[in-house]
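Enquirer: I have a structure here, written as structure tokens, and I will follow up with some questions on it.
The numbers here are math on the coordinates, done by the rules we state, and not lab data. Remember, predicted model here, so these are calculated numbers, not experimental data. In this analysis, Cβ positions are derived from the backbone assuming ideal geometry, glycine residues included, and neighbour counts consider all displayed protein chains.
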Amino acid sequence: MLTQNLGYPRIGSQRELKKICENYWADKTGYKNVLQVGKNIRHENWKLQKEAGIDVIPSNDFSFYDHVLDHSLTFGAIPKRYNEVILKKGNEELDLYFAMARGYQKEGLDVVAMEMTKWFDTNYHYIVPEFYKDQPFKLFSTKIIDEFYEAKQLGITTKPVLIGPVSYLLLGKEKEAGFEKIDLIKNLLPVYIEILSRLDALNVEHVQFDEPFLTLDLTEKDKKAYEYVYKEIRKAFPRLKIVLATYFEGLGNNLALTTSLPVNVLHIDLVRAEDQLNNVLALLKEDTTLSLGLVDGRNIWKNDFEKSVSIINQAVEKRGLDKVWIAPSCSLIHSPVDLDNETNEKNLSAEIKQWLAYAKQKIAELATLKKLITNESPASTLQKLEENKIAIANRKVSKIIHNPAVKERVSALKEQDVERLSPFSARKIKQQELNLPIYATTTIGSFPQTAEVRSWRAKLKNATFTVEEYDNLIELETEKAVRWQEEIDLDVLVHGEFERNDMVEYFGEQLDGFAFSKNGWVQSYGSRCVKPPIIFGDVSRPEPMTVKWTAYAQSLTSKYMKGMLTGPVTILQWSFVRNDQPRSETCTQIALAIRDEVCDLENAGIKIIQIDEPAIREGLPLRKADWQNYLNWAVKAFKISASGVKDDTQIHTHMCYSEFNDIIQNIADMDADVITIETSRSQMELLDAFADFKYPNEIGPGVYDIHSPRVPRREEMVQLLKKAKSVIPSAQLWVNPDCGLKTRGWDETKKALIEMVEAAKEMRKTE
Ligand code: GLN
Ligand code: ZN
């Protein structure tokens, strides 16, 4: 029985990659230094896995920005607009690569970046390949071969990792009409064959093909493509050991297809889809090895050894020791790097830490699991098993996890707790007392988080500032923002969110059941890493979280101050979530905490409250058949959070980066009085879903893009609003930017909002 890893974090245990890349982009360091840091990280990772006792160690899992982009470069799938970047004297391959990732604005050239989107249901973003009709592919970058050779020089024969040809195509986007991306498979396959020949010449043993699309719904054409490519690869390389990796879901109705493919090792995800084991065991060909994805690559919890051992034994009984491998469920790039770097008790207590495993610890877990099965060095291994049992048992009963009051409150929830007192049609009449004009203007919540504001928070953290000093500065900043909003005549004001580090962390820090790591960084895209909060226990709200700041801001003005909260689904979605109860249960607990906050805001005299849910859509399961179940509990959680208030309190929600067509019914079911959405970049096209549905509640389609510093012209916004009015009755329309303004500067923010308010006024004149 061998242990294999599917991929190791490439950011470096101290985020070295981020630092060197950002320095390079800022012209503060040279190209060679970037390459050197990359090399150091690769070497460290390989050695660490080797020393831990991993048998099959991946290569080509390293990436300077994104592994999908690496493949586009490898296959020469380079959009024409980058030709000039290639030709520019002094540019290296890496400069072309970064240009594709981030755009290129230098010495008179101005080329936009490639599009970025989420990697399946993770928070990792990849660079979307661009495909054209009859597009040729050719081996352009030899990264995969170079890195295999590099490891070999160190005495480690690695398993190169490639995204499989079908998944690579399915990840891309057709940039012109008249073809389907999967049709390109015939052009693409020869490049795979060439890569494999080169690796073969270097005596490669195993090659891993990642085919996560095998866990999604496939068309007949996709299925044919799978059969075709793996047959051809097998034919060309009869002796090559092909590892086919699937993850993020079970194989479901692709099970027969997958087990029929001529590969040597099939990897399946048993964390996400534990129940697929028996079906796979029943159908797998006799000579195929089964790789059991047992150690959770997507979360931070320690593996339960007893449970894993029993699963392994089940597989071994059927297939024999030499036809079973063990592995993490998926690549470990979705895990933070090393728990040993969590040295601060204040962040993570010893009690919580004993329940956790980051990537390095997960690697060690695999090695231990193997020893438990093969009975090597039994004394120390058995001790590890004992320690593991104790940690797992502690977690089941720990007082810091289990709060009976919270569990009781969830189980006592009644139908009426999920609904507002009256339907929207009746609430709307009561809310007319708010006396807002049509095309009411507002913003999404945050105002610029300037370097200065962030420096205050840093000073509070390192005790240079007292709480009082910090609060004073935030008060002043809030007051300035309120005054300025009054001056430009916005209708519904916000306090600006200056006191918040992040829209999830700020709440997590005040809720029970949340912990925060110091070094739990995970790559989100390129050099950007996020440090998700850890929801370890039952969630409750010991005291009000936002009332002080919101009430203060309201006290400054006679206009309406909108309360600003993050919704339960978004808090859940952007955290590491406990795995000892269903996500829906955790979400409901958060919903109750937010509900209390909503009620407290109402009691403090706040008439308009926004509950942001930008992450609702990204929580959708990978398979459509599972959507409804998720949407049911997610929508319910939002409604629990929103329904404790009186009819005349106006509840807003906000969603960005969303397509709404296929979930519009569910969005309507959320029954927010007002929803603000991102629409400006799509020229209001995203609004069509609401129009076609005859969405009954009020809606604020974003009238300008907040992602760039560009100041929109009044006329552009008037045009967009006219477009909106042509599909949604004006009585239902609000006027606002696409999203919060925290990443913008004050200068452009002020100019843009002045124009926005004027645009709304022009629209009112046309009524
Ligand atoms: N209220 C948040 C803000 O304005 C919303 C952010 C978001 O939707 N991502 O920043
Ligand atoms: Zn937003």
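This table checks each residue for (1) over 25 Å from the mean Cα position of the chain (by Cα); (2) surrounded by 15 or more Cβ atoms within 10 Å (Cβ to Cβ); (3) more than 17 Å from THR443 (Cα to Cα); (4) not aliphatic (A, V, I, L, M).
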residue: THR679; (1), (2), (3), (4): no, yes, no, yes
residue: TYR704; (1), (2), (3), (4): no, yes, no, yes
residue: MET717; (1), (2), (3), (4): yes, yes, no, no
residue: LYS725; (1), (2), (3), (4): yes, yes, yes, yes
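Enquirer: Checking the condition within 19 Å of ALA327 (Cβ to Cβ) and out of contact with any Phe, Trp or Tyr (no Cβ under 8 Å at 6 or more places or on another chain), which residue from ALA282, ALA273 passes?
Expert: Selected residue: ALA273, the only one of ALA282, ALA273 that is within 19 Å of ALA327 (Cβ to Cβ) and out of contact with any Phe, Trp or Tyr (no Cβ under 8 Å at 6 or more places or on another chain).
Enquirer: How many of the residues making up segment 338-354 are over 23 Å from the mean Cα position of the chain (by Cα) and within 20 Å of VAL295 (Cα to Cα)?
Expert: 4
Enquirer: Out of the helices (runs of 4 or more DSSP H) lying entirely within segment 334-413, which hold 2 or more residues that are in contact with a Lys or Arg (Cβ under 7 Å, 6 or more places away or on another chain)?
Expert: Qualifying helices (runs of 4 or more DSSP H): 378-397.
Enquirer: Here's another thing I want to ask about it. Please go through segment 556-593 and pick out each residue that is outside any loop (DSSP other than H, G, I, E, B), under 22 Å from the mean Cα position of the chain (by Cα) and within 16 Å of ligand 1 (Cβ to nearest atom). Can you show your working first?
Expert: Taking segment 556-593 as the starting set, the residues that turn out to be outside any loop (DSSP other than H, G, I, E, B) are 560-566, 568-573, 576, 583-593.
Of the ones still in play, those that are also under 22 Å from the mean Cα position of the chain (by Cα) are 565-566, 568-573, 576, 583-591.
Scanning segment 556-593 gives LEU565, THR566, PRO568, VAL569, THR570, ILE571, LEU572, GLN573.
Enquirer: Can you tell me which residue in segment 454-511 is nearest to the chain's Cα centre (by Cα), limited to those that are β-branched (Val, Ile, Thr) and more than 22 Å from PRO737 (Cβ to Cβ)? Step through it out loud before you land on a result.
Expert: Initial filter on segment 454-511 (β-branched (Val, Ile, Thr)): 464, 466-467, 474, 478, 482, 488, 492, 494, 504.
Filter once more, so that each one left must be more than 22 Å from PRO737 (Cβ to Cβ): 464, 466-467, 474.
On the way: THR464: 34, THR466: 35, VAL467: 33, ILE474: 30 Å.
Only one residue fits best here, namely ILE474.
For every residue, the table says whether it meets (1) surrounded by fewer than 16 Cβ atoms within 10 Å (Cβ to Cβ); (2) at negative phi; (3) within 28 Å of the chain's Cα centre (by Cα).
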site	(1), (2), (3)
ASN5	no, yes, yes
SER13	no, yes, yes
TRP25	yes, yes, yes
GLN36	yes, yes, no
LYS50	no, yes, no
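Enquirer: With respect to GLN665, determine if the residue is under 18 Å from GLY700 (Cβ atoms), polar (S, T, N, Q) and either away from ligand 1 (no atom under 16 Å from the Cβ) or touching a strand residue (DSSP E or B) at 6+ places or on another chain (Cβ under 9 Å) (or both).
Expert: Numbers: under 18 Å from GLY700 (Cβ atoms): no; polar (S, T, N, Q): yes; either away from ligand 1 (no atom under 16 Å from the Cβ) or touching a strand residue (DSSP E or B) at 6+ places or on another chain (Cβ under 9 Å) (or both): yes.
Here the answer is no, as GLN665 does not meet what is asked.
Enquirer: Any residue in segment 206-220 that is assigned to a helix (DSSP H, G or I) and over 26 Å from ASP626 (Cα atoms)? Break it down into steps so the answer makes sense when it comes.
Expert: Let us first name the residues in segment 206-220 that are assigned to a helix (DSSP H, G or I), namely 212-215, 220.
Pick out the ones that are also over 26 Å from ASP626 (Cα atoms) and you get none.
For segment 206-220, residues assigned to a helix (DSSP H, G or I) and over 26 Å from ASP626 (Cα atoms): absent.
Enquirer: Let me ask another. If we scan segment 519-539, do we find a residue that is more than 30 Å from VAL68 (Cα to Cα), touching a strand residue (DSSP E or B) at 6+ places or on another chain (Cβ under 9 Å), β-branched (Val, Ile, Thr) and within 16 Å of ligand 2 (Cβ to nearest atom)? If you could, list the steps in order and put the result at the bottom.
Expert: Of all residues in segment 519-539, those more than 30 Å from VAL68 (Cα to Cα) come to 535-539.
Narrowing further to those that are touching a strand residue (DSSP E or B) at 6+ places or on another chain (Cβ under 9 Å): 535-539.
Now narrow it down to the ones that are β-branched (Val, Ile, Thr): 535, 539.
Right, trim to within 16 Å of ligand 2 (Cβ to nearest atom) and you get none.
No: zero hits.
Yes/no matrix, rows are residues, columns are (1) under 25 Å from the mean Cα position of the chain (by Cα); (2) surrounded by 15 or more Cβ atoms within 10 Å (Cβ to Cβ); (3) on the phi < 0 side of the Ramachandran plot; (4) away from ligand 1 (no atom under 16 Å from the Cβ):
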| site | (1), (2), (3), (4) |
| --- | --- |
| VAL674 | no, yes, yes, no |
| ASN697 | no, yes, yes, yes |
| ARG713 | no, no, yes, yes |
| ASP747 | no, no, yes, yes |
| ILE754 | no, yes, yes, yes |
| MET763 | no, yes, yes, yes |
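Enquirer: Quick one: how many residues across segment 442-478 are touching a helix residue (DSSP H, G or I) at 6+ places or on another chain (Cβ under 8 Å) and either closer than 13 Å to THR749 by Cβ or in contact (Cβ under 8 Å) with a residue 60 or more places away in the chain (or both)?
Expert: 7
Enquirer: Cβ-Cβ distance below 8 Å, separation of 6 or more or different chains: which pairs start in segment 418-429 with a residue that is of a type in the set (Ser, Thr, Tyr) and end on one that is not in a helix (DSSP H, G or I)?
Expert: SER422/ASP647; SER425/PRO696
Enquirer: Now, a different point. Among the strands (runs of 3 or more DSSP E) confined wholly to segment 599-713, which include 1 or more residues that are within 16 Å of ligand 2 (Cβ to nearest atom), without any contact (Cβ under 8 Å) to a residue 12 or more places away in the chain and in contact with an Asp or Glu (Cβ under 7 Å, 6 or more places away or on another chain)?
Expert: On the way: elements: 608-612, 650-655, 674-677, 698-701.
Where strands (runs of 3 or more DSSP E) fall fully within segment 599-713, none carries at least 1 residues being within 16 Å of ligand 2 (Cβ to nearest atom), without any contact (Cβ under 8 Å) to a residue 12 or more places away in the chain and in contact with an Asp or Glu (Cβ under 7 Å, 6 or more places away or on another chain).
Enquirer: Within segment 416-431, can one find any residue that is under 30 Å from LYS742 (Cα atoms) and within 16 Å of ligand 1 (Cβ to nearest atom)? Steps first, please.
Expert: Here is the first cut: in segment 416-431, the ones under 30 Å from LYS742 (Cα atoms) are 431.
Now drop any that are not within 16 Å of ligand 1 (Cβ to nearest atom), which leaves none.
Among the residues of segment 416-431, not one is under 30 Å from LYS742 (Cα atoms) and within 16 Å of ligand 1 (Cβ to nearest atom), which makes the answer no.
Yes or no, residue by residue, for (1) part of a helix (DSSP H, G or I); (2) within 16 Å of ligand 1 (Cβ to nearest atom):
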site: ALA458; (1), (2): yes, no
site: GLU468; (1), (2): yes, no
site: GLU475; (1), (2): yes, no
site: VAL482; (1), (2): yes, yes
site: GLN485; (1), (2): yes, yes
site: LEU490; (1), (2): no, yes
site: GLU499; (1), (2): no, yes
site: ASP502; (1), (2): no, yes
